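Derivation of every value follows stated rules applied to the coordinates shown; laboratory data play no part. The structure displayed is predicted, hence computed values, not measured ones. Glycine gets a Cβ as well: all are built from the backbone with ideal geometry, and neighbour counts include every protein chain shown.
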Amino acid sequence: MNDLDVSKTLSVSELKRVAVQMRKDILYMIYEAQAGHPGGSLSAADILAALYFRVMRIDPANPQWEDRDRFILSKGHACPVWYAALANRGYYDRAHLSTLRKLNSILQGHADMKKTPGVDMTVGSLGQGICAGVGMALGARFQKKDFHVWVVIGDGEMQEGSVWEAAMSAAKWKLDNMTVILDLNRIQNDDFVENTMPLGQVQEKWQAFGWNAIRINGHNMQAVVDALEEAATIKGFPTIIIADTVKGKGVSFMENVPAWHGSAPNAEQYEQAIREVTGAAA
Amino acid sequence: MKSRYHFLLPEVEAALASPNFFTAVKKHATRYSYSESLMEVAEINPKVVVLDVDVGKSLKTNEFAKKYPHRSFNFGIAEQNMMASAAGMATTGLIPFASGYAMFLSMRALDQVRNSVHYPHLNVKIAASHSGITPGPDGVTHQAQEDLSIIRTIAGSCVIAPADHVTTKMAVHAMTEYDGPVYLSLTRDPVPFLYTPDYPFEIGRMVTLREGNDLTIIANRDLVAHALVAAAQLSGQGIEVRVLDCHTIKPLDEEAVLKAARETGCIVTAENNVIFGGLGSAVAELLVENDPIPMQRIGVRDTFAESGPYYEVIDKYGLTYPHIIQAAQKVLDRKYAFKNQMAKGEV
Ligand SMILES: Cc1ncc(C[n+]2csc(CCOP(=O)(O)OP(=O)(O)O)c2C)c(N)n1
Ligand SMILES: [Mg+2]
């Protein structure tokens, strides 16, 4: 992505190219590790591309900058998508991508804020990242800082009670400096969400908890960008962007198949997957 | 000469001296031994039901759900609700096996485990896979290196950490019979088959796997195999080690520990768990009040581990057999120094 001038606002078509590169990197990392979670990484790739390459106020040369926007991948198992965004944005050398999940790596199986430059919160235990987001948003307000907190959660993750505890508290404190993006890919570990533990009327539930809820197609880059930019301007409520997505997006045999939640492709599958996500650029 | 070993599969005994024991022998993850055994106990006891938290695919309790859809309940990713619901089910006479990852059952749902399960002493069976550092690549958030210590501190708890497939199977049968809460610690990664299928298993009774009187190694779960390999190598140096499999860390088999203390004069404990509050602590607590002999502990020191292949991670964090051998040499030095001092009347 060296040819992109990130000092300017990237266009939607440039962001789409970024997302393609991120999908290739996700597949590469998980293939090299022979472990990891491709489905939920691929479903969130467009969202993270838009955040890291256009929406967030960040400085990859200064990952600890106090006034940076914060990002938390609360569904921490999908960290390959995070690592791909950070590597392409220049937080660390791409050479690290082949070390995912190996001994002595900066890229842990679930993201570790003390090991990976750019990772703002340690995650992996579902339902906690969103609570940490509440804390960061409160911290910003208390210290009169204007950074924004972005949190991506999973739909399976929404079954954790702590997600609803966070929802209540963000509404109580009117945390309009926090935006949650729900990666609604309809699948969790064992099965489809609907079979495991149905979520009911998702948008209405968040609204009932006092949130501004926007619903979009999470793979329509224009819609993603618009929703994120709009969310940052809404005052008086926290906003949730409910993004309808496809688990395994971009790889035909992974799309909508629960088995690809947490398994790695073999050599043949890897080659096909790379061909398919690359083709999507055309 | 009569073998010093008991209940070991002959091929395991033969492979112990091999430099590549862990790649040479057959292995099976005990999380699967657990779900396979569930099928057997469900057949025998109609009160057995299985509770999941969206990791049924990982424990293969989803096979149980296929066979017994009406005896299977997936709570989604909601460990706290599952645990307190299990307590409620137990009050109605069912025997719920609450299944999931050790990290989230012992820690996310710990309040429920203590106040809803143990305080009323309800008949809930907690089946915890990915116990200790047995998930390697997933990293620290999934490595439950504290679970045995935590559950052990709860009043009236029973904590079982079986070493292999056969022990796990026997433990599942025994805990179904047992009246009260039981925490069963299971491995994510495959561990060697060790036991012959007919060995006598009893909750709360250690197994003497190898006889010896120079020193005792007490181990549990995945480090039992490492203790055996360490003992085989030490035997080559003329040191005969007693190896005890402490599959039930609570209630502790005090008699076996005190006998080992008396007869071998020093003890090494080996656990893939933090050194605080687990097997090593249990043994030390008993010894310090009764027979304070030299002792060394193998366990995770005051640190978190990291991602990596299971064997490489536990090796880096000091848990594999070479570390046990070092601890054995150290404890023997201390034992003989202690004996010399005694002989000189200095103690
Ligand atoms: C508290 C907790 N319980 C269980 C797990 C194991 N786990 C990892 S991913 C996953 C399913 C997540 O589903 P979802 O939130 O829908 O994520 P996505 O589909 O985006 O991958 C589960 C159960 C965990 N990481 N944390
Ligand atoms: Mg999902």
### Difference of contour (0.36 nm per residue) and Cα-Cα distance, B:T91 to B:K26
19.3 nm
### Task
Using the Cα centre as the reference, give the magnitude of the dipole from point charges on the C-beta atoms of the protein assembly as shown (Lys, Arg: +1; Asp, Glu: -1; all else neutral), rounded to the nearest 20 debye.
520
### Query
Which aspartates and glutamates does B:K26 reach when only Cα atoms under 15 Å apart count, and residues fewer than 8 places away in its own chain are ignored?
B:E11, B:E13, B:D164, B:D189, B:D222
### Task
Would you kindly derive the ³J(HN,Hα) couplings of region A:33-39 from the backbone phi angles with the Karplus curve 6.51 cos²θ - 1.76 cosθ + 1.60 (θ = phi - 60°), listing them in order in whole Hz, with x for Gly and Pro?
6, 6, 5, x, 10, x, x
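For the protein assembly as shown, what does the convex hull of the Cα positions come to per residue, in cubic angstrom?
Value for the protein assembly as shown: 168 Å³ per residue.
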### Message
Using the Karplus curve 6.51 cos²θ - 1.76 cosθ + 1.60 with θ = phi - 60°, what ³J(HN,Hα) values do you get for each residue of region A:150-155, in whole Hz, with x for Gly and Pro?
### Response
10, 10, 9, 10, x, 6
## Note on the structure
With x for Gly and Pro, the residue-by-residue ³J(HN,Hα) of region A:6-22, computed from phi through the Karplus equation 6.51 cos²θ - 1.76 cosθ + 1.60 at θ = phi - 60° and given in whole Hz, is 6, 6, 9, 6, 6, 7, 4, 5, 5, 5, 5, 5, 4, 4, 4, 4, 5
### Cα-based reach from B:K67 at 16 Å (exclusive), listing lysines while leaving out same-chain residues under 8 positions away
B:K47, B:K57
### Query
Share of antiparallel DSSP beta bridges in region B:198-343, in percent to the nearest 5?
20
#### Entry: Debye log10 I(q)/I(0) for region B:259-347, one point scatterer per Cα, at q = 0.15, 0.17, 0.22 Å⁻¹
-0.62, -0.76, -1.07
## Note on the structure
For chain B, longest principal axis from Cα atoms; helix B:321-343 axis from its Cα atoms; angle between them, nearest 10 degrees, is 50
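To the nearest whole number, what is the average tally of beta carbon atoms from other chains within 10 Å of the beta carbons of peptide A:122-129? Don't skip to the answer; put the middle values down first.
Working: counts 3, 1, 6, 8, 7, 6, 2, 0.
That works out to 4 on average.
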### Query
For A:A171, what is the net charge nearby, where nearby means another residue's Cβ is under 15 Å from its Cβ and Lys, Arg count +1, Asp, Glu -1?
+2
### Task
Run down the lysines and flag those whose C-alpha is under 18 Å from the C-alpha of A:K205, throwing out any fewer than 8 positions away in its chain.
A:K172, A:K174
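What number, in percent, do you get for the relative contact order of chain B if the mean sequence gap of Cα pairs under 8 Å and at least 6 apart is divided by its residue count?
After rounding, I find 17 percent.
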### Query
At what distance in nm do the modelled label points of A:N220 and B:E285 sit from each other, each positioned 7 Å from its Cα along Cα→Cβ?
6.1
### Summary
Under the helix-only model (-39500 (n - 2.57) for each DSSP H run of 4 or more, divided by the residues of chain A), the mean residue ellipticity at 222 nm, to 500 deg cm²/dmol, is -11000 deg cm²/dmol
